[in-house]
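Here the structure is laid out as structure tokens; the discussion comes afterwards.
Computed from the coordinates by the stated procedures, all read-outs in this text should not be read as laboratory data. Remember, predicted model here, so these are calculated numbers, not experimental data. All Cβ positions, glycine included, derive from the backbone under ideal geometry; neighbour counts span all protein chains shown.
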Amino acid sequence: MQVPFDNTYVKLPERFYSKQLPSPVAEPGVIRINDQLADFLGIDSGWLRSEEGLSTVAGNHLPEGADPIATVYAGHQFGSWNPQLGDGRAILLGEVIGKDDQRYDLQLKGAGQTPYSRMGDGRAPLGPVLREYLVSEAMHAFGVRTSRALAAVTTGEPVYREESLPGAVIARVASSHIRIGTVQFFASRQDNEALGLLVDHTLQRHYPGRHNADMTDSEKALALLDEVMRAQAELVASWQMVGFVHGVMNTDNMLLSGETIDYGPCAFMDTYNPEAVFSSIDHGGRYAYRNQPGIAHWNVACLAQALVPVISDDEEVAVEAAKDALEQFPPYFLEANIAGLRKKFGLITENEDDESLAKAFLDLLEAHQLDFTLSFRRLSELAGEEPELNISKLGGFPSAFDDWMNRWQARCQEEQHPERQVQMLGTNPVMIPRNHLIEEAIQQASENESFESFHLLVDQLETPFSQEGKTDKLLKRPRPEEVVRQTFCGT
Ligand code: AMP
Ligand code: MG
């Protein structure tokens, strides 16, 4: 088998999905193949680059062992309930086991219409495919849990949005695509049998340490809720650490595995701004940077509510248990958040003033409109005996930071940490996929069919903690006229 499939989701009852073949495209053309990920999944990258491999990614060829489906789900979109969603432009070819013995979904996004496409064409324009490839692979390099990009191809067909755009398909890999919205779909239909099966499948698949055959359904549901809360809390904390604004944290875009998906309108902040919001459709700032932890809490509350029928037959009992469980979310987030901040500031011990130390730094960044990424990188350089001066020309600190610097240095002196600078340089990236660079790469590809900038960004983002080979252009914040203030879902 060219792709060593081992499919399980398709063995769930047929009301979990629709069998759906990808729709072929006119002329598949390679954009990029992720050799290292292919190898990790037991797929020969040479084959993936062959005509048959590219045809597979484009949806023109069905590899042996694939059992393609579109999965069904529901969800709250910007807080409004939508009872019927599903993979409208994505088709799950099947699952493979990676070299880490974990299971991964292989999904084609932009592979044509499905029963859940509603008015959509099931296709993806080139721009969003490049954005997803770039950003998801960068997130992986940062150590943030995420879906990944195995390959991207052009289709040789136009996609019509407000204008005619080149079409593309991305092969996406994730631990699964089971969403909060998947649970909500069955809960809203009062399909308790399906809910029980989904809980069992998900707990066994993602949290096997919490699963055993003797557990009751209720115990499984509560264990799943607890694990998902922790995973989501840790995920959002890891987003905050790199200044990532997801932009569309609808319950159908939040995976029970705790990986990031749906790189539609996402963006990284340049200047530190807790109110940062980029998505053109997020008028109220619901999904702004500072709201992400609160929204994650809201989302897991939706999950808890959907699990009520599995938690107990007695609704009152179940609701009480769900509420109790949900109280754990804020401490899970705060724990992950302060741990992440300590790493960024080069600390290994715990001091109760650390939160205020971190907040004071962030307040200064905000007041002086400094770049989030470069400021933490500069701080990392200052942590050395003889501070490196690489970044100072791109992002130094004004004298208003002097008091804070003394405070931080005093705090550092409280603990013996010879590896402080190493830790900080390996935690605070020097390069992020900045919006203006992504836009430039997309523009070059869409208008001039040149993928040079795209490849350069992907290559350099493989090592976001190393300055080697990176020009100032890739590192520095955008000039005022280059700042990209708005992003689009691109569906
Ligand atoms: P998203 O905003 O990307 O999370 O998508 C929300 C819903 O719309 C999902 O059910 C998608 O499958 C569906 N959708 C988005 N774009 C398209 C498209 N071009 N064709 C069909 N369905 C789509
Ligand atoms: Mg989505």
Charges at C-beta only: +1 for Lys and Arg, -1 for Asp and Glu. How large is the resulting dipole of segment 9-174 about its Cα centre, in Debye rounded to 20?
520
Put a dot 7 Å past each Cα toward the Cβ at residue 399 and residue 30; how far apart are the dots in nm?
5.8
Segments 466-473, 13-20 sorted - mean Cβ within 10 Å per residue, highest first:
13-20, 466-473
Quote the Stokes-Einstein diffusion coefficient, in whole µm² s⁻¹, for the chain, based on the Kirkwood radius over alpha carbon pairs, a temperature of 10 °C and a viscosity of 1.306 mPa s.
67
Find how much the distance from residue 67 to residue 390 grows on full extension, using 0.36 nm per residue of separation minus their present alpha carbon separation; answer in nm with one decimal.
111.1 nm
Could you let me know the centre-to-centre spacing of segment 108-131 and segment 284-337, using Cα atoms, in angstrom?
31
Taking Cα pairs closer than 8 Å and at least 6 residues apart, the relative contact order of the chain in percent is 14
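Looking at the P(r) of segment 9-174, how many percent of alpha-carbon pairs lie beyond 26 Å?
Values: 3527 of 13695 pairs.
Result for the distance tail: 26 percent.
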Projecting each Cα onto the charge dipole of the chain (Lys/Arg +1, Asp/Glu -1 at the beta carbon, about the Cα centre), which of 69, 401, 446 comes out farthest on the positive side?
446
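In the neighborhood of residue 342, defined by Cβ-to-Cβ distances under 10 Å, what is the net charge if each Lys or Arg adds +1 and each Asp or Glu adds -1?
-1
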To one decimal place, what Kirkwood hydrodynamic radius in Å is obtained for segment 362-480 from all pairs of distinct Cα atoms?
15.9
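I need the trypsin sites (Lys or Arg not before Pro) found in segment 129-220, filtered to DSSP loop residues with at most 15 other beta carbons within 10 Å of theirs. Can you show the working numbers first?
Working: sites: 131, 145, 148, 161, 172, 179, 189, 205, 210, 220; in loops: 145, 161, 189.
When the trypsin sites (Lys or Arg not before Pro) of segment 129-220 are filtered for loop state and at most 15 Cβ neighbours within 10 Å, 161, 189 remain.
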Within the chain, which whole H helices from DSSP have a Cα span along their axis of at least 27 Å and a mean Kyte-Doolittle hydropathy of 0.0 or more, if any?
217-242, 292-311
How much length, in nm to one decimal, is gained on full extension between residue 349 and residue 466, taken as 0.36 nm per residue of separation minus their Cα-Cα distance?
39.5 nm
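Take the Cβ-Cβ distance between residue 338 and residue 280 as r, set R0 to 35 Å, and report the resulting FRET efficiency rounded to the nearest 0.05.
Calculated value: 0.55.
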Check: the chain dipole with +1 on Lys, Arg Cβ and -1 on Asp, Glu Cβ, in debye
820
The chain, helix-only ellipticity at 222 nm - DSSP H runs n ≥ 4, -39,500 (n - 2.57), divided by all residues, nearest 500:
-13000 deg cm²/dmol
How high is the FRET efficiency from residue 416 to residue 320, r the C-beta distance, R0 45 Å, rounded to 0.05?
0.40
For the pairs 323/344; 19/220; 19/109; 99/344; 19/323; 343/476, flag any whose C-alpha to C-alpha distance is greater than 26 Å.
323/344; 19/220; 99/344; 19/323
